[in-house]
1. Could you check segment 491-520 and list, in sequence order, the residues that are among the charged types (D, E, K, R) and at pLDDT 95 or above?
2. Looking at segment 241-274 only, could you name the residues that are open to solvent by less than 40 Å² (accessible area, probe 1.4 Å) and within 16 Å of residue 197 (Cβ to Cβ)?
3. Looking for whichever is closer than 24 Å to residue 457 by Cα, in a helix (DSSP H, G or I) and either in contact (Cβ under 8 Å) with a residue 12 or more places away in the chain or open to solvent by 10 Å² or more (accessible area, probe 1.4 Å) (or both) here; the options are 341, 337. Which one fits?
4. Go through (1) in a loop (DSSP other than H, G, I, E, B); (2) in contact (Cβ under 8 Å) with a residue 60 or more places away in the chain; (3) more than 18 Å from residue 315 (Cβ to Cβ) for residue 398 and report which single condition fails.
5. Would you call residue 367 out of contact with any helix residue (DSSP H, G or I) (no Cβ under 7 Å at 6 or more places or on another chain), of a type in the set (S, T, N, Q), open to solvent by 20 Å² or more (accessible area, probe 1.4 Å) and part of a strand (DSSP E or B)?
6. Among the residues of segment 407-435, which ones are of a type in the set (A, V, I, L, M) and open to solvent by 30 Å² or more (accessible area, probe 1.4 Å)?
7. Quickly run through segment 444-477 and pick out the residues that are open to solvent by less than 40 Å² (accessible area, probe 1.4 Å) and in a loop (DSSP other than H, G, I, E, B).
8. Any idea which of (1) at pLDDT below 85; (2) at negative phi; (3) open to solvent by 40 Å² or more (accessible area, probe 1.4 Å); (4) of a type in the set (D, E, K, R) is the one residue 57 doesn't satisfy?
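The values are calculated or read from the model by the stated rules, or taken from the named source; none is laboratory data. This is a predicted model, so every value here is computed, not measured. Every residue, glycine among them, receives a Cβ derived from its backbone with ideal geometry; neighbour counts consider all protein chains shown. Remember, those area values only see protein heavy atoms, side chains included, never the ligands or the DNA or RNA. Shrake-Rupley method; radii C 1.70, N 1.55, O 1.52, S 1.80 Å.
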Amino acid sequence: MQQPIADGSLDGTKRGALPALAVGLVRSGLVSDDRLREVLAGKDPSKSLVRALLETKEVDDAALASFLSRRYGTPLADLSDHPIDRSSARLLPRSVARRCLAIPLEVGSEQAVVAMVDPTDVVARDDIRSILRKDLRLVVSSYSQVIAEIDRAQLDLQDEFDRTAGNFDGHADDDSASDVLEEGPIISLVNQTISRAILDRASDIHIEPVARGVRIRFRIDGVLHEIGYLPKSVQPQVLTRIKILAGLDISERRRPQDGRFTISIDANRVDLRVATLPTYLGEKVVIRVLDTGGTRLDLADLGFLPEIRASYDRLTEKPWGMILVTGPTGSGKSTTLYATLSRLNRVESNIITVEDPVEYQLDGISQIQVNALAGVTFASALRSILRADPDIMLIGEIRDRETAEIAIEAALTGHLVLSSLHTNDSLSTPSRLSEMGVEPYLIASALTGVVGQRLARKLCDRCRISITLETGWLVDAGFNLPEGVGGEIQAYRASAKGCERCSHTGYFGRLAFQELLEVSEPLERAIADRATNDRLKEIAIAEGFLALRDVALRHVLRGVTSVEEVLRVLV
């Protein structure tokens, strides 16, 4: 491996000669000359250039890892697809691992394989070698992956649960403030649980009393997974600690409470919403995890089939009309709407939203929070919005006739209106609006498109298992095969054991199944004539409409998800 090149210094000069590594970074296009000079001028002399660039977020960490691998001839390792020996990883203390930005992947009798973010950091290499007492074989990995694996290696919740139980020795004083206000086992337990939930990509943490103790469950990719049990004796103090963090009344145990607090993990702000619920066995707590700092709202990430995405983009570029996203609670409607707004957010467009609650804050968009106590309802806010010269309006949800009629009026008078509605599919949307009391001819005139949506888990591409499916079985199960597909087809299913990357679930991440009902002239006439859902379906299919099951099967054929997951979601 080539010898690392010293970072060098500007010695106070504005346009001094750049170090060789810096020149390479500029030439590769990873960072501009001016921004790199600013980082060099302001960085701590004890820090390497690589670390300074990462901490100031001037470069993409994955692109930087690839560049360093090529420059220094060090293999590039994707830790999401690389086996890591947890016992080996723990040989390097967490504080040292974070300081050196490194994690041991495998430690043998004579040699240790170590993933480093910065292979130019000679001091870090010497520290690691002295601790492990092995020769080092280095690989380069991205900053985000190394940090996540360092934290994951050190977090063993069952050990933490057992240690907490031992510290309290079968009893706990729920009136003692020291264990929930100062450093102590309860604080450590709560912090570790939240950190592990974030590492495991959990959207919710359930802490609930049961007969045998306190059960901890994480909702990962929409499905609850049991993590472990705490002894009943520590339940009061765990709940008290969470209530203190969320600003709740610690003495109130008979009625539900809601609160929130924020933590920062690796410069990302994580918003945590807390809800308590009294039960027969004691209070249950659910913590919703919202990673607002790392959220990327992009339609390209949501799973649209290319042909459906093209039609949806065309509809959203129209200057007027109403587009609805439908589906049950938890089907990703809000995410689709926010991603749509992110794409439409331009200087020349005035975008105003009415939401309950405001889930994501979007720069350049005026967002109104519904507040019934202050008299701010969807309907009253919409009337005010119409006087504020909007181009695009987002209504969090259409819940009643008044809101629906105002939204339709806005769509018919030259505004693009986006909203959500609780229906089973896109085809039942016109009848649902009609049941609210809206005249069918108004629905037909205003409605330009309806997205029906469900969320499903994506297979972990590291541990998924190849299988063969009989097309006859798929037809019997209610799937319509794409043209030209027959006989046996290649597909995948989830591994029963999973792997470290997917937290042993067999699935990693989620995607949305979306059907798009584009309201054409024949459909518009049929809606105005109060046609049945079956008749609307006939017209739509003749025009190329793909129902949710048809969309889901295409994702199965692409190897993105499994038939079992489709059948779970689309009952």
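1. Of segment 491-520, the ones among the charged types (D, E, K, R) are 493, 497, 500-501, 510, 515, 518.
Result: 515, 518.
2. Of all residues in segment 241-274, those open to solvent by less than 40 Å² (accessible area, probe 1.4 Å) come to 241-243, 246, 248, 252, 257, 259, 261, 270-272, 274.
Of everything in segment 241-274, those that are open to solvent by less than 40 Å² (accessible area, probe 1.4 Å) and within 16 Å of residue 197 (Cβ to Cβ) turn out to be 241, 242, 246, 261, 270, 271, 272, 274.
3. Selected residue: 337, the only one of 341, 337 that is closer than 24 Å to residue 457 by Cα, in a helix (DSSP H, G or I) and either in contact (Cβ under 8 Å) with a residue 12 or more places away in the chain or open to solvent by 10 Å² or more (accessible area, probe 1.4 Å) (or both).
4. With respect to (1) in a loop (DSSP other than H, G, I, E, B); (2) in contact (Cβ under 8 Å) with a residue 60 or more places away in the chain; (3) more than 18 Å from residue 315 (Cβ to Cβ), residue 398 is out only on (3).
5. It is true that residue 367 is out of contact with any helix residue (DSSP H, G or I) (no Cβ under 7 Å at 6 or more places or on another chain), of a type in the set (S, T, N, Q), open to solvent by 20 Å² or more (accessible area, probe 1.4 Å) and part of a strand (DSSP E or B).
6. Once the filter is applied, which keeps residues that are of a type in the set (A, V, I, L, M) and open to solvent by 30 Å² or more (accessible area, probe 1.4 Å), segment 407-435 yields only 412.
7. The answer is 460, 463, 477.
8. Only one criterion in (1) at pLDDT below 85; (2) at negative phi; (3) open to solvent by 40 Å² or more (accessible area, probe 1.4 Å); (4) of a type in the set (D, E, K, R) is unmet by residue 57, namely (2).
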